[in-house]
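Novice: Attaching a single structure in structure tokens format; questions to follow.
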Amino acid sequence: MTALHILLLIGGYFLLLLLISYFTGKNDSNADFFKAGKQSPWYLVAFGMIGASLSGVTFISVPGAVKGAEFGYMQVVLGYLVGYFVIAYILLPIYYRLNVTSIYEYLEQRFGVVSYKTGAFFFFVSRVLGASFRLFLVAIVLQQFVFDAWGVPFEVTVALSILLIWIYTFRGGIKTIVWTDTLQTLFMLLSVGLSIYFINDKLDWSFTEFLASDELKEYNTIFFTEDFFARNHFLKSFIGGIFITICMTGLDQDMMQKNLSCKSLKDAQKNMVSFSLVLVLVNFVFLLLGALLFIYAQRFEIATPLMDGAPKSDLLFPEIALNSGLGITVAITFMLGLIAAAYSSADSALTSLTTSFCVDFLNLEKRPEHQQKKLRKQTHITMSVMLVVVIITFKHVLDRNVIDGLLTVASYTYGPLLGLFAFGIFTKYQLKDAYVWIVALLAIGVATFIANAPTIYAYMQEYALVNCEGSTWECASAYATENYYMVGYELLLLNGCFTFLGLFLIRSRKKVSHK
């Protein structure tokens, strides 16, 4: 599949999205942009959220992480399932009762303006980084397999990607997103299914033969329970998965904005429960695809593609789909799946960032009506430019598998949100609101120190450097991994607990009664 073919495919895909945008964005009102008029069918939201939750990170990075991590990611996914039920039956009833546009308005009603702005700020940082992670992944694939051949700089690739998203979301907002997410999820799941079918066919296997093969057994270990100190121990991953979901979905304006566009709380809960069950199965299929990719690469001696001189497992799927002779069907469906996976999360992220900034920081709903639409559109452009800058920065600083990087960053940025909402829901205390932002920053500082303490300690030990090749920090990190407790995704829970404890220390004597 040539670079020109890929560009034509992308062009056709976006014409389809623009057509959807035209019909859903006719009204061009703030009510439709922010809440879709609260008329979204729950089953469409549920199906579309699969694509938004998986994104380009899952589409490429989860299969790429099978080498080394095996199926350990399923431990996190099982935690996700529990987290979604917490969202459905604890958080959603609160949001619907208060009839909020931004979920962080809850913090203002519960504690005050500083708590509200603190929560909104940490969402804003979290979503900018999260959306940038996801778009960075698709941008490097497009760069490696399309634009490098034409000498187009990475910066231009990123700018074009964001421009296309802006074009089809600037009018319809969340009303457009609900429908485009449905289409994008369909393309993504179709791509994975066809890729598995054609790779098995190339290996002369049926799907059942693949599941029973000795080669799969080298990759399909799910539960890691032997070493509690290890970062991937089951309990750490499972508990981390629960709170990653609660924070990255339930306390995230992006994901909740779609749920709040449903007609009623009951519909939103049906959406959340059905979506969560399907998501477990879909993630397992992605891990099966990952194992199949590495089996195929080993059988046909396909090397992991290099990026800046180092092997990049995230690029193995596109390398096999586009350049290993699987045929035009796999190449087309892969590109459609990749574009759909990346943009199904990025477009909603851009919309939610616009919503949060307008409502939480610009107080859009309190401004004169004639200013509101203009201000919303100006903010939409500003958010787009900011994403371009952050994604370009990632190219120069990111040195790990993208799914791991995304979840690690979330452990820091979503921790204060977890602590704030937990304190609001499970206690009756009011807070000395002016000090909340200080508590949040201190909690992140303590969490950062704990996460890095084993490596810092090992670095200080002279014996950690004996017979070491490479930098002293690399040697110390390797020593710490083998000899000390390594903090994993449970860091998010710890961060939330530190925030909760800090809030308890600045509580006021005044209490509120929960209605």
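Novice: For the structure I just gave you, tell me whether Leu189 is open to solvent by less than 40 Å² (accessible area, probe 1.4 Å), assigned to a helix (DSSP H, G or I) and under 27 Å from Ile328 (Cβ atoms).
Specialist: no
Novice: Moving on to the next point. Under 6 Å between Cβ atoms, which residue pairs at least 6 apart in sequence (or on different chains) link something in the range 116-143 that is without any contact (Cβ under 8 Å) to a residue 12 or more places away in the chain and of a type in the set (A, V, I, L, M, F, W, C) with a partner that is open to solvent by less than 10 Å² (accessible area, probe 1.4 Å) and in a helix (DSSP H, G or I)?
Specialist: none
Novice: Would you mind stating whether Cys247 is within 27 Å of Val409 (Cβ to Cβ), at pLDDT below 90 and in contact with a helix residue (DSSP H, G or I) (Cβ under 8 Å, 6 or more places away or on another chain)? If you could, list the steps in order and put the result at the bottom.
Specialist: Working: within 27 Å of Val409 (Cβ to Cβ): yes; at pLDDT below 90: yes; in contact with a helix residue (DSSP H, G or I) (Cβ under 8 Å, 6 or more places away or on another chain): yes.
For Cys247, the condition - within 27 Å of Val409 (Cβ to Cβ), at pLDDT below 90 and in contact with a helix residue (DSSP H, G or I) (Cβ under 8 Å, 6 or more places away or on another chain) - is met.
Novice: Go through the range 294-338 and give me each residue that's within 14 Å of Ile6 (Cα to Cα) and surrounded by fewer than 13 Cβ atoms within 10 Å (Cβ to Cβ).
Specialist: Residues satisfying the conditions are Ile328, Thr329.
Novice: Taking Arg400 as meeting all but one of (1) closer than 30 Å to Leu279 by Cβ; (2) under 24 Å from the mean Cα position of the chain (by Cα); (3) open to solvent by 30 Å² or more (accessible area, probe 1.4 Å); (4) modelled with pLDDT of 85 or more, write down the number of the exception.
Specialist: (4)
Novice: Ok, one more. Taking the condition of being surrounded by fewer than 21 Cβ atoms within 10 Å (Cβ to Cβ) and either over 24 Å from Gly240 (Cα atoms) or among the β-branched types (Val, Ile, Thr) (or both), how many residues in the range 62-94 meet it?
Specialist: Result for the range 62-94: 4.
Novice: Taking the condition open to solvent by less than 60 Å² (accessible area, probe 1.4 Å) and under 21 Å from Ile60 (Cα atoms), does Leu288 pass?
Specialist: Numbers: open to solvent by less than 60 Å² (accessible area, probe 1.4 Å): yes; under 21 Å from Ile60 (Cα atoms): yes.
Criteria met by Leu288.
Novice: Let me ask something else about it. Exactly one of (1) of a type outside the set (D, E, K, R); (2) within 25 Å of the chain's Cα centre (by Cα); (3) modelled with pLDDT under 80 is unmet by Val359. Its number?
Specialist: Status for Val359: all satisfied but (3).
Novice: Could you tell me which numbered condition Val125 fails, if it satisfies all but one of (1) part of a helix (DSSP H, G or I); (2) open to solvent by 10 Å² or more (accessible area, probe 1.4 Å); (3) within 29 Å of Ile332 (Cβ to Cβ); (4) at pLDDT below 90?
Specialist: If we test Val125 against (1) part of a helix (DSSP H, G or I); (2) open to solvent by 10 Å² or more (accessible area, probe 1.4 Å); (3) within 29 Å of Ile332 (Cβ to Cβ); (4) at pLDDT below 90, just (3) comes out false.
Novice: Could you please find all residues in the range 200-211 being in a loop (DSSP other than H, G, I, E, B) and open to solvent by less than 30 Å² (accessible area, probe 1.4 Å)?
Specialist: Kept after step one, since they are in a loop (DSSP other than H, G, I, E, B), are these residues of the range 200-211: 203-206.
Correct list: Leu203 only.
Novice: Taking helices (runs of 4 or more DSSP H) that fall entirely within the range 420-515, which contain at least 2 residues that are modelled with pLDDT of 90 or more, surrounded by 18 or more Cβ atoms within 10 Å (Cβ to Cβ) and touching a helix residue (DSSP H, G or I) at 6+ places or on another chain (Cβ under 7 Å)?
Specialist: Working: elements: 436-460, 472-483, 491-505.
Result: 436-460, 491-505.
Novice: Out of (1) modelled with pLDDT of 75 or more; (2) crowded, with 19+ Cβ neighbours inside 10 Å; (3) part of a helix (DSSP H, G or I), what's the single condition that is false for Ala349?
Specialist: Only one criterion is unmet by Ala349, namely (1).
Novice: Take the residues in the range 143-153 that are part of a helix (DSSP H, G or I) and over 14 Å from Phe317 (Cβ atoms), then tell me which one is most open to solvent (accessible area, probe 1.4 Å). Talk me through it step by step, then tell me what you get.
Specialist: Of the residues in the range 143-153, the ones part of a helix (DSSP H, G or I) are 143-145, 147-150.
Still in the list and also over 14 Å from Phe317 (Cβ atoms): 143, 147-150.
Details: Gln143: 16, Phe147: 22, Asp148: 89, Ala149: 83, Trp150: 126 Å².
Only one residue fits best here, namely Trp150.
Novice: Follow-up question, since we're still on this one. Taking the range 216-231 as the search range and keeping residues that are of a type outside the set (A, V, I, L, M) and within 22 Å of Ser61 (Cβ to Cβ), which one is nearest to the chain's Cα centre (by Cα)?
Specialist: So in the range 216-231, the residues of a type outside the set (A, V, I, L, M) come out as 217-221, 223-229, 231.
Pick out the ones that are also within 22 Å of Ser61 (Cβ to Cβ) and you get 218-221, 223-224, 231.
Working: Glu218: 28, Tyr219: 24, Asn220: 24, Thr221: 24, Phe223: 23, Phe224: 24, Arg231: 20 Å.
Top of the filtered list is Arg231.
The values are calculated or read from the model by the stated rules, or taken from the named source; none is laboratory data. Since the structure is predicted, the reported quantities are computational estimates derived from the model, not experimental observations. Cβ: placed from backbone, ideal geometry, glycine included. Neighbour counts: every protein chain shown. Note: areas computed on protein heavy atoms with side chains; ligands, DNA, RNA excluded. Shrake-Rupley method; radii C 1.70, N 1.55, O 1.52, S 1.80 Å.
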